[in-house]
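Below is one structure, written out as structure tokens, with a few remarks after it.
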Amino acid sequence: MQLELAGRGRGINQRVDLRPHAAYAPVMPSPPSLSVTVTVTLGARTLPIEQVRDARIASALSTAGREIGAKLAKIACSEHGRTASNVRIHFDARGNADLRYDSCCDALGKKIAASSR
Ligand SMILES: [Zn+2]
């Protein structure tokens, strides 16, 4: 009888051990990142990245967009504590990136410009 209870106890403990993972999973903090709209000029057309059919190009551009978003998320205005918003990045036919964003003021713009030098 005692053995049986001990066995059940272990079973319960195991289940309890698993629960925190399930409970924490949805609230795991993801690294801060801003959403970035990526567009690219391919041939004569300018496309949002969602419409790029070439998977290699699409994945390279979305990676670049995510990196920019993660980087800008860490740069906050020293006056207002705000990050850039409405971030857009456009790649021209030669692969040059043109970054645009809205900022609360010049101080943030200067901070971002200084960090990308
Ligand atoms: Zn500001």
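Every condition in (1) under 25 Å from the mean Cα position of the chain (by Cα); (2) modelled with pLDDT of 60 or more is met by Arg45 except one, and the failing one is (1). Note on the stretch 25-117: enclosed strands (runs of 3 or more DSSP E) holding 3 or more residues that are within 16 Å of the ligand (Cβ to nearest atom) are 85-91.
Going by the structure shown, is Cys77 buried (at least 16 other Cβ atoms within 10 Å of the Cβ), modelled with pLDDT of 95 or more and hydrophobic (A, V, I, L, M, F, W, C)? Full working, then the answer.
Details: buried (at least 16 other Cβ atoms within 10 Å of the Cβ): yes; modelled with pLDDT of 95 or more: yes; hydrophobic (A, V, I, L, M, F, W, C): yes.
In short, yes.
A Cβ distance below 6 Å, combined with a sequence gap of six or more or placement on separate chains, defines the contacts here; from the stretch 87-113, residues that are touching a residue at least 40 places away in the same chain (Cβ under 8 Å) reach residues that are basic (Lys, Arg) and surrounded by fewer than 16 Cβ atoms within 10 Å (Cβ to Cβ) in the pairs Arg88/Arg100.
The values are calculated or read from the model by the stated rules, or taken from the named source; none is laboratory data. Predicted model only: the values in this text are computed from it and were never measured. Using ideal geometry, Cβ is built from the backbone for each residue, glycine included, and neighbour counts are taken over all protein chains shown.
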